[in-house]
Amino acid sequence: MLGKRQPLEQLAQQQWDLLVIGGGITGAGILLEAARRGLKVLLLEQTDYAWGTSSRSSKMVHGGLRYIAQGDVRLTRHSLLERERLLKELPGLVERATYLFPLRKGVFPGRWPMKAILWLYDFLAGIRDHRYLNRAEVEKRAPGLNTDGLTGAMSYTDALTDDCRLVMRTLLEAARHGGLAQNYTRVTGTQRVAERFEVSVTDRVNGGTTTLQARHVINATGAWADRLSGSESRVRPLRGSHLFIDPARLPVSDCLTVMHPDDGRPVFVFPWEGVTCVGTTDLDHPEDMDIEASASERELQYLLKLINTQFPDVTVSRDDVYATIAGVRPVIASGKGVDPSKERRDHAVWESDGIVTVSGGKLTTFRLIALDALLATGLIDARAHRSGQKTREPMYQPLDNAPQAVQHFLHASQDDQGFIEWLLDNESVVHLDDLMLRRTRLGLIKPNAGLVVLDRYRALIQQGLGWDDDRWEQEVQRYLGLHERFYGVPGLPDMERMAG
Ligand SMILES: Cc1cc2nc3c(=O)[nH]c(=O)nc-3n(C[C@H](O)[C@H](O)[C@H](O)COP(=O)(O)OP(=O)(O)OC[C@H]3O[C@@H](n4cnc5c(N)ncnc54)[C@H](O)[C@@H]3O)c2cc1C
C-alpha cells in the first residue's frame with residue numbers, strides 16, 4: 001500500500017506541488033491533508049517512518065490535564081475534540097483508558113480542585129466520565145500503591161494509542177489519496193529558485209543523490225527543524241524516557257499519575273501492549289541529534305526510585321526492565337531559560353525564504369497542526385482552514401484487504417503471522433529494526449529484545465523481504481546492536497541479560 005521504493009530518478013522527473021520533510025506524525029498528517037485535497041505531494045523521511053519522536057511518546061491521545069491546570073483552555077479543548085474524533089474513527093488503535101489521580105493528605109491538588117479541573121476537562125470534550133474513588137476503592141484498583149496519606153483518587157478517562165501505528169495508519173490513508181512517502185531518504189538542502197524549490201536528497205538504501213523540484217516545501221522535522229528552517233534556532237530539544245517493565249513484577253490495570261519523591265513531577269505508570277510502561281523524564285538534550293536518543297543511567301535511577309517509593313511492596317530493579325525508549329520533544333523555546341517541565345507544549349509554524357517550518361505540539365493535535373502548516377504555504381486559504389478545523393467528515397476510510405490489526409490494531413494480533421506478512425508486503429520495511437521496534441513493538445514488549453519471536457518468524461521475514469542467510473545475520477546483528485545501545489538498560493548489556 002505504501003508501494004515499493006521509487007528510484008530517485010523517478011522522483012526527480014516529477015513536479016511536486018508540495019514536498020514534506022519528516023515522516024513523524026506531523027509530516028504524515030500534512031501528507032494526508034494535502035493528498036485529500038488532490039495535491040501532488042511527496043513525503044521524505046531520513047530514517048524510518050516514526051523513527052523520531054513519534055515512536056517515543058507517552059502514547060496518550062489526550063487533552064493534557066497539565067495544560068488546563070496551566071490555564072491553557074484553548075489547547076486543551078482542541079486536543080480533547082481531536083481525541084474524541086480519533087476515538088470514534090480508529091477504535092482499537094485509539095482506545096479510551098481509565099486514569100487514576102491518587103489524592104494524598106496535605107498534597108495539592110486535593111479532591112475539590114481536581115474535581116473542578118476534571119469537570120471542565122470533561123465539559124470541553126463533551127463527555128462526563130470522572131468520579132471520586134474512596135481509599136478502599138483505590139486500594140482495590142491499584143494494589144500495592146503506597147497508601148501513606150492516601151485519601152482516595154479521582155478517576156477520569158483519556159485515550160491511549162500506539163504512536164507508530166497511528167503514523168503508519170495515517171500514511172496508508174494518505175497513500176490511498178495518492179500521497180507518496182519514502183523512508184530512508186534524507187533531505188540535505190533546499191534552495192529557492194524563482195517560484196520553485198530545488199531540494200537535494202540522498203537515498204540511504206541504494207545510495208545516490210538527486211535534486212527534486214517542488215512548488216512548496218514544509219519542514220516537519222520536529223526536533224531537527226532548526227537544521228532546515230533557514231531561520232534562527234527556535235527549538236529547545238527536551239528528552240523524555242520511558243521504561244517497559246515486566247508486567248508480572250509491576251502489574252497495573254489503569255493509568256496512574258504518581259508524583260516523584262525528589263521533585264514532585266507527575267509521572268505515568270500505565271499498562272501498554274501487555275507491559276507496564278513508566279515515564280516520563282524531562283531534561284534538556286544537548287546531544288548530537290544525529291545520534292539516536294537513549295535513556296541515561298540517571299533517568300533509569302530516577303524512574304526506578306519513583307516505582308519503588310510509589311509501590312513499596314514490589315522491588316523493581318533494572319533486571320525487570322525489558323527495554324527503554326527515549327524521545328526528544330521539539331519544544332518551542334520561550335527563551336526564558338525556564339525549567340524544562342514549564343515550557344509550553346504547543347506548536348509553532350514559521351516561514352523563512354518561502355520554506356514553511358512546523359515544530360512542537362503534540363501527537364494528539366496532528367490534524368490541526370497539518371492544517372496550520374498548509375495554510376502557511378498558501379495551499380489552502382483561511383476559509384478552507386476554518387472549515388477543515390471544524391469538519392465532521394471522517395479522515396480515515398476502511399483499508400481494502402488489510403487485516404484488522406492494521407485497520408484498528410488489535411493488540412493480541414501484534415504477534416500474528418497474518419499481520420506480519422501484511423506489514424512486510426505493504427509498509428516499506430527496510431531493516432529488521434523497522435519491524436521489531438516500530439511496525440510492531442515486539443522488540444520492546446517482549447523479554448530479551450523479542451529474540452523468541454525472531455526465531456519464529458525468520459523464514460517468513462526472509463521470504464517476505466527476499467533476504468538470504470547472510471543478510472538475515474547482518475540484520476540480526478544490526479538490530480541487536482541498536483537495541484543494546486539505544487533501547488536497552490543502561491549499564492546492562494542486552495547480551496549479558498540474554499545469556500543470564
Ligand atoms: C517523552 C515524550 C512523551 C510524549 N508524550 C506525548 C503524549 O502522550 N501525547 C501527545 O499527544 N504527545 C506526546 N509527545 C509529543 C509528541 O510525541 C510529538 O509532538 C510528536 O511526536 C512530534 O512529531 P513530529 O512529526 O513533529 O516529529 P518526529 O516524530 O520527530 O518526526 C520528525 C522526523 O523528521 C525526520 N527528519 C529529520 N531530519 C530530516 C531530513 N533532513 N530529511 C528527512 N527527514 C528528516 C526525523 O528522522 C523524524 O522521523 C511526547 C513527546 C515526548 C518526547
- Item | Residue list for the range 269-299, restricted to those being open to solvent by 30 Å² or more (accessible area, probe 1.4 Å) and not in a loop (DSSP other than H, G, I, E, B) | PRO271, LEU283, ASP284, GLU297, ARG298
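So, in the range 367-406, how many residues would count as being among the aliphatic types (A, V, I, L, M), in contact with a strand residue (DSSP E or B) (Cβ under 7 Å, 6 or more places away or on another chain) and assigned to a helix (DSSP H, G or I)? Please lay out each step first, then the result.
Start the filter on the range 367-406 by keeping residues that are among the aliphatic types (A, V, I, L, M), which leaves 368-371, 373-376, 379-380, 382, 384, 395, 399, 402, 405-406.
From what is left, the residues that are in contact with a strand residue (DSSP E or B) (Cβ under 7 Å, 6 or more places away or on another chain) are 369, 373, 376, 379.
Narrowing the set further to residues that are assigned to a helix (DSSP H, G or I) leaves 369, 373, 376.
Looking only at that region, the number is 3.
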- Note on the structure: Taking the range 175-200 and the residues there that are among the charged types (D, E, K, R) and part of a strand (DSSP E or B), the one that is most open to solvent (accessible area, probe 1.4 Å) would be ARG192
- Task: Hey, could you check the range 201-243 for residues that are among the polar types (S, T, N, Q) and near the ligand (Cβ under 10 Å from one of its atoms) and say which is farthest from GLU343 (Cα to Cα)?
- Result: THR202
- Note on the structure: Those helices (runs of 4 or more DSSP H) completely within the range 18-94 that have 2 or more residues that are modelled with pLDDT of 95 or more and more than 9 Å from the ligand (Cβ to nearest atom) are 25-36, 73-89
- Query: THR151: under 30 Å from ASN308 (Cα atoms), open to solvent by 30 Å² or more (accessible area, probe 1.4 Å) and not basic (Lys, Arg), yes or no?
  - Reply: yes
- Message: I'm told GLY230 meets every condition in (1) open to solvent by 20 Å² or more (accessible area, probe 1.4 Å); (2) at pLDDT 95 or above except one. Can you identify the failing condition by its number?
- Response: (2)
- Task: Output yes when any residue across the range 188-197 is touching an Asp or Glu at 6+ places or on another chain (Cβ under 8 Å) and within 16 Å of the ligand (Cβ to nearest atom), and no when none is.
- Result: yes
- Query: With respect to ARG236, is the statement that it is assigned to a strand (DSSP E or B), out of contact with any strand residue (DSSP E or B) (no Cβ under 7 Å at 6 or more places or on another chain) and in contact (Cβ under 8 Å) with a residue 60 or more places away in the chain true?
  - Reply: no
- Task: Inspect all residues belonging to the range 133-146 and state whether any of them is modelled with pLDDT of 95 or more, within 15 Å of the ligand (Cβ to nearest atom) and not aromatic (Phe, Trp, Tyr).
- Result: no
- Message: Which count do you get for residues in the range 159-174 that are part of a helix (DSSP H, G or I) and under 13 Å from the mean Cα position of the chain (by Cα)?
- Response: 8
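The values are calculated or read from the model by the stated rules, or taken from the named source; none is laboratory data. These numbers were taken from a predicted model, which means no experiment stands behind them. Glycine also receives a Cβ, built like all others from the backbone with ideal geometry; neighbour counts cover every protein chain displayed. SASA here: full protein model, heavy atoms, side chains in, ligands and nucleic acids out. Shrake-Rupley method; radii C 1.70, N 1.55, O 1.52, S 1.80 Å.
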